[in-house]
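Here is the structure we will look at, set down as structure tokens.
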Amino acid sequence: MRLALFDLDNTLLGGDSDHAWGDYLCERGILDGDAYKARNDEFYQDYLAGKLDNAAYLNFSMEIFGKNDMDQLDQWHREFMHDCIGKLMLPKAQALLAKHRDAGDTLVIITATNRFITAPIAAKLGVEHLIATECEIVDGRYTGRSTDVPCFREGKVTRLNRWMAENGHSLEDSYFYSDSMNDLPLLEQVTHAVAVDPDENLRAEAVKRGWPVISLRD
């Protein structure tokens, strides 16, 4: 079956779920609002500029996982889904997913954001397959560290190649939808690269390469 690959943040969602999670924790008083939000915003600007120190960001963003048990984290996430993620859902994104689903394609969300944040979002979007940055779990608790190859930049290609080998898929006639120049390594691998509400650098690259540029925003 043909693969239809989708970035999540600012592509299928009208915002960034990872950044929104940090904002949510600050607004709820779970984290020190001023200090955390300032650092979170710095990392997000670095991401948009294509100069993110991903290892440093993962250490920063996952620290809270190691300080709380699973039940507490899951409760916060349920509230986060209700209060924050619903506002980021895009009808045109859901229509695009439905178009590929109806065509018989295998849908995969492939995202740099960690699995704890994104697995419930993928489920809400009706996408069975998720490739995400992994959170380390030891003795039934998150450690606050990542594990495996981070699903970021070239790491997306590495993780996808392994997933395809394990699941019997290839990139023949494949699609990948993304908003970010950080995803250029994977966009270059697929048959049909599509820029979705792209950042300035990806928009210029898409125009140069003749890739379609679309918007899923209302």
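General observations
- L3 being touching an Asp or Glu at 6+ places or on another chain (Cβ under 8 Å) and modelled with pLDDT under 90: no
- Total residues in segment 1-15 satisfying the condition of being in contact with a Phe, Trp or Tyr (Cβ under 7 Å, 6 or more places away or on another chain) and not in a strand (DSSP E or B): the figure is 3.
- Just one of the listed residues (G22, G50) is of a type in the set (G, A, S) and in a loop (DSSP other than H, G, I, E, B), and it is G50.
- Residues of segment 1-55 that are among the polar types (S, T, N, Q) and open to solvent by 50 Å² or more (accessible area, probe 1.4 Å): Q45 alone.
- Screening Q72 against (1) touching a residue at least 60 places away in the same chain (Cβ under 8 Å); (2) in a helix (DSSP H, G or I); (3) farther than 22 Å from L130 by Cα leaves a single unmet condition, (1).
- Any pair with Cβ under 8 angstrom, 6 or more apart, that starts in segment 30-49 at a residue that is free of Cβ contacts under 8 Å to residues at least 60 places away in the same chain and ends at one that is of a type in the set (V, I, T): I30/I64; L31/I64
The values are calculated or read from the model by the stated rules, or taken from the named source; none is laboratory data. Remember, it's a predicted structure, so these values are computed and weren't measured experimentally. Please note: Cβ atoms are built from the backbone with ideal geometry, for glycine as well, and neighbour counts cover all protein chains shown. Accessible surface areas use protein heavy atoms only, side chains included; no ligands, DNA or RNA. Shrake-Rupley method; radii C 1.70, N 1.55, O 1.52, S 1.80 Å.
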